[in-house]
Amino acid sequence: MTIAICVVIFFLVIVLSVYNSLVRKRNAVKQSRSSIDVYLTQRFDLIPNLIETVKGYAAHEKEIFESITKLRSEYNQTRDLNKASALNNQIDKILLIGENYPELKASVNFLNLQKNLARMEDQLQAARRLYNIDVTAYNTSLQTFPTNLIANAFKFKEEKLFELEAGKNANIKVEL
């Protein structure tokens with residue numbers, strides 16, 4: 001009888017340990033996603049300044065400005081990373097407009113905004129890498145034996161990796 005109780009306690013300790021490990025990994029994924037959200041929000045808070053700086057030089061690019069404003073608003077409402085990716089692509093278009101206007105490139109405000117956006121992008125890339133590392137560790141735990149048995153019993157779900165569309169930013173051309 002004592003052996004049976006010890007075996008049951010042993011298995012309960014293992015189940016609790018694995019469960020707690022999965023919860024910690026799931027929370028790490030949530031925290032990493034939150035970091036991406038923070039950096040995206042900071043980056044997108046620079047957008048109105050960037051738009052105002054560029055507007056004077058490229059007034060006929062109204063559709064890009066409207067698209068950015070719309071995407072920024074949608075992202076703020078949904079926190080959907082796909083909206084963030086689309087918004088990043090539009091921001092890249094604005095930066096390319098700057099390349100075509102020498103007066104704009106010389107503007108202190110524009111140069112400062114470019115530096116801030118570059119810094120934000122570096123921080124964002126680091127946050128994306130950390131998120132993907134956390135998601136991979138979590139998903140691997142969900143897929144390996146015997147953790148997968150406990151994960152299935154407690155209905156843990158896999159998370160998706162953060163992926164940007166490959167090469168999309170590299171092929172942007174702006175006609176002026």
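Points worth noting:
- The range 58-82 - residue that is surrounded by 13 or more Cβ atoms within 10 Å (Cβ to Cβ) and assigned to a loop (DSSP other than H, G, I, E, B) and, of those, modelled with the highest pLDDT: 79
- Matching residues in the range 83-118 - criterion: being of a type outside the set (Val, Ile, Thr) and surrounded by fewer than 13 Cβ atoms within 10 Å (Cβ to Cβ): 99, 102, 103, 106, 115, 118
- With respect to the conditions (1) over 29 Å from residue 138 (Cβ atoms); (2) under 15 Å from the mean Cα position of the chain (by Cα); (3) open to solvent by 90 Å² or more (accessible area, probe 1.4 Å); (4) not polar (S, T, N, Q), residue 30 lacks only one, and its number is (1).
- Selected residue (only one of 43, 26 is at pLDDT 80 or above and under 30 Å from residue 152 (Cβ atoms)): 26
- Within the range 120-135, the only residue that satisfies the criterion of being of a type in the set (Lys, Arg) and surrounded by 13 or more Cβ atoms within 10 Å (Cβ to Cβ) is 128.
- Leading residue by the ranking (most open to solvent (accessible area, probe 1.4 Å)) among those in the range 37-57 that are among the aliphatic types (A, V, I, L, M) and in a helix (DSSP H, G or I): 38
- Count - residues of the range 63-82 that are more than 15 Å from residue 45 (Cα to Cα) and not hydrophobic (A, V, I, L, M, F, W, C): 6
- Candidate set from the range 136-176 (those that are within 25 Å of the chain's Cα centre (by Cα), among the acidic types (Asp, Glu) and open to solvent by 80 Å² or more (accessible area, probe 1.4 Å)); member that is modelled with the lowest pLDDT: 165
- Scanning the range 102-148 for residues that are assigned to a loop (DSSP other than H, G, I, E, B) and either hydroxyl-bearing (Ser, Thr, Tyr) or under 20 Å from residue 161 (Cβ atoms) (or both) gives 107, 144.
The values are calculated or read from the model by the stated rules, or taken from the named source; none is laboratory data. Keep in mind the model is a prediction, meaning the values are calculated, not measured. Positions of Cβ are generated from backbone atoms using ideal geometry, with glycine treated the same way; all protein chains shown enter the neighbour counts. Note: areas computed on protein heavy atoms with side chains; ligands, DNA, RNA excluded. Shrake-Rupley method; radii C 1.70, N 1.55, O 1.52, S 1.80 Å.
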